[in-house]
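Quick notes on the structure that follows.
The values are calculated or read from the model by the stated rules, or taken from the named source; none is laboratory data. Owing to the predicted nature of the structure, the values given are computational and were not obtained by experimental measurement. Backbone-built Cβ (ideal geometry, glycine too); neighbour counts: all protein chains shown. Note: areas computed on protein heavy atoms with side chains; ligands, DNA, RNA excluded. Shrake-Rupley method; radii C 1.70, N 1.55, O 1.52, S 1.80 Å.
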Amino acid sequence: MTTTREPEIPGPNHPITIKPTGVRVVARAGAQIVADTTRALTLREANYPPVQYIPPRRRRPVAAYI
């Protein structure tokens, strides 16, 4: 049996914000740096943990490390 839930709509009861992170963000896959940027964005949605978004031009293709 599967249950479906209604998607949350942004608003006063479910706030969503996207802002510049404001610091350098380095992402690694093992010892390899796959992203290094000062242009990351932080997405905050209601009570969920913040998520970092790294623009595509600031990432290296993951396939290069497989």
**Prompt:** How high is the relative contact order of the range 1-53, in percent, with contacts defined as C-alpha pairs under 8 Å that are six or more residues apart?
**Reply:** 32
**Per-residue ³J(HN,Hα) for the range 20-26, Karplus 6.51 cos²θ - 1.76 cosθ + 1.60, θ = phi - 60°, Hz, x for Gly and Pro** = x, 5, x, 9, 6, 10, 10
**Fill in**
Per residue, accessible area of the range 1-56 with a 1.4 Å probe, heavy atoms of protein chains only, in Å², comes to 84
**Message:** Please list 3J(HN,Hα) in residue order for the range 2-15, calculated via the Karplus relation 6.51 cos²θ - 1.76 cosθ + 1.60 where θ = phi - 60°; whole Hz, with x for glycine and proline.
**Reply:** 10, 10, 10, 10, 6, x, 7, 9, x, x, x, 8, 8, x
**Item:** Label-point separation, Y48 to R28 (7 Å along Cα→Cβ), nm
**Value:** 2.7
**Request:** Taking H placed 1.01 Å from N in the peptide plane, check which residues at least 5 places from T21 or on another chain put their amide H under 5 Å from its amide H.
**Result:** A40, L41, T42
